[in-house]
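Working notes, structure below.
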Amino acid sequence: MTLYNPMDLTGKTIVITGAASGIGKATAILLSKLNANLILLDINEKGLNDTKSQCKPDDFIGTVDLTDESAVETILKEAVSIRGKVNGFAHIAGIPSIAPIKAITKKEAQRILEINTLPALYLAKILSNKKYKAEESCSFVLISSVYANVGSSANVLYTMSKAAIQGITKSLAIEFAPKKIRVNCVAPGFIKTQMGEKINHFFDSEHDTLIESMHPLGLGTPEDIANSIAFLLSDASKWTTGAIFNIDGGFCAQ
Ligand SMILES: NC(=O)c1ccc[n+]([C@@H]2O[C@H](COP(=O)([O-])OP(=O)(O)OC[C@H]3O[C@@H](n4cnc5c(N)ncnc54)[C@H](O)[C@@H]3O)[C@@H](O)[C@H]2O)c1
């Protein structure tokens, strides 16, 4: 008897941004186990190669700065010519920003939007075009954060970029429903990755314990988030669109 797997991704081509590290890397490895064809994008070539070594040998890797919309389209054109038309994407790449309001600048505000938020718009624009989109089912997954739901000090730029992702999810879900493209969002709680390491120096030694105590189920892993992304990319979620999934060990339930 063949085992039934509702999250099987055989025959589906999926684009993942941020695939060189953390949640994006865990997602790539999981989707590969679910038999998806992958187009892996990131600015970090070394990390991408490491991820690819744990996926299928013919998966496509593209080293690209996501802030460059035309470079992203060029690389997707090449990837589609090799891997075939796309059934979905997960925009996972992102950066943190810790700064009190008195220290923020317009340049830094623009930078965080250009990486965390705006690629969601142009990936959706490019990959909903029939030049790139597969005929069959299509699903877009965007990554927000619990910090779009609750306030936190010195986090206003990151919060802005992740709250916008939730608005984009809902509006695109409605706009794309007639095209049978689903759009959903995952809002993770705290996951130990390189992102946390980049901002660790802002905090004292008790910060880790405090963060952990804010999650009733303890801290999560990149794989916990990858599982929910895989569900949303698969046909197991075919009646789900415009939804925001808090995958946060109970953080937002308090
Ligand atoms: N780790 C957490 O606790 C947490 C919590 C909530 C939300 N998130 C979100 O999850 C996503 C992944 O975070 P992570 O923790 O895995 O971080 P990470 O730092 O491990 O990975 C982020 C990836 O994005 C890539 N990237 C950054 N700027 C880029 C650019 N300009 N062009 C292309 N690639 C670029 C990096 O090279 C890196 O591989 C982010 O959007 C983050 O905001 C993370």
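Bear in mind that the values in this text are calculations on the coordinates, not laboratory data. Remember, it's a predicted structure, so these values are computed and weren't measured experimentally. Cβ coordinates were reconstructed from backbone atoms using ideal geometry, including for glycine residues, and neighbour counts include every protein chain displayed.
Could you count how many residues in the stretch 108-136 are of a type in the set (S, T, N, Q) and surrounded by fewer than 16 Cβ atoms within 10 Å (Cβ to Cβ)?
Residues meeting the conditions: 2.
Considering only residues that are within 8 Å of the ligand (Cβ to nearest atom) and in a helix (DSSP H, G or I), look in the stretch 168-196 and name the one that is farthest from Gly250 (Cα to Cα).
Selected residue: Gln194.
Among the residues that make up the stretch 243-251, is at least one of them in contact with an Asp or Glu (Cβ under 7 Å, 6 or more places away or on another chain), touching a residue at least 12 places away in the same chain (Cβ under 8 Å) and exposed (fewer than 15 other Cβ atoms within 10 Å of the Cβ)?
No, the stretch 243-251 has no match at all.
So, in the stretch 197-207, of the ones that are out of contact with any Pro (no Cβ under 8 Å at 6 or more places or on another chain), part of a helix (DSSP H, G or I) and of a type outside the set (D, E, K, R), which residue ends up surrounded by the most Cβ atoms within 10 Å (Cβ to Cβ)?
His207
Among the listed residues Val156, Val146, Val150, which satisfies the condition of being surrounded by 20 or more Cβ atoms within 10 Å (Cβ to Cβ) and not basic (Lys, Arg)?
Val146
For Ser213, all conditions in the list (1) loosely packed, with under 13 Cβ neighbours inside 10 Å; (2) touching a Pro at 6+ places or on another chain (Cβ under 6 Å); (3) not acidic (Asp, Glu) hold save one; what is the number of the exception?
Failing condition for Ser213: (2).
Of the conditions (1) assigned to a helix (DSSP H, G or I); (2) of a type in the set (Val, Ile, Thr); (3) away from the ligand (no atom under 12 Å from the Cβ); (4) within 14 Å of the chain's Cα centre (by Cα), Ile165 satisfies every one except a single condition; which number is it?
(3)
What number goes with the only condition from (1) in contact (Cβ under 8 Å) with a residue 40 or more places away in the chain; (2) hydrophobic (A, V, I, L, M, F, W, C); (3) in a helix (DSSP H, G or I) that Leu210 does not pass?
In the conditions (1) in contact (Cβ under 8 Å) with a residue 40 or more places away in the chain; (2) hydrophobic (A, V, I, L, M, F, W, C); (3) in a helix (DSSP H, G or I), Leu210 misses (1) alone.
Considering only residues that are on the phi < 0 side of the Ramachandran plot, in contact (Cβ under 8 Å) with a residue 40 or more places away in the chain and in a loop (DSSP other than H, G, I, E, B), which ones fall in the stretch 146-162?
Listed by number, the residues that qualify are Asn149, Val150, Ser153, Asn155.
Quick one: which strands (runs of 3 or more DSSP E) sit completely within the stretch 26-131 and have at least 3 residues that are within 11 Å of the ligand (Cβ to nearest atom)?
37-42
Hey, Thr105 hits all of (1) surrounded by fewer than 18 Cβ atoms within 10 Å (Cβ to Cβ); (2) in contact (Cβ under 8 Å) with a residue 40 or more places away in the chain but one; which does it fall short on?
It fails just one condition, (2).
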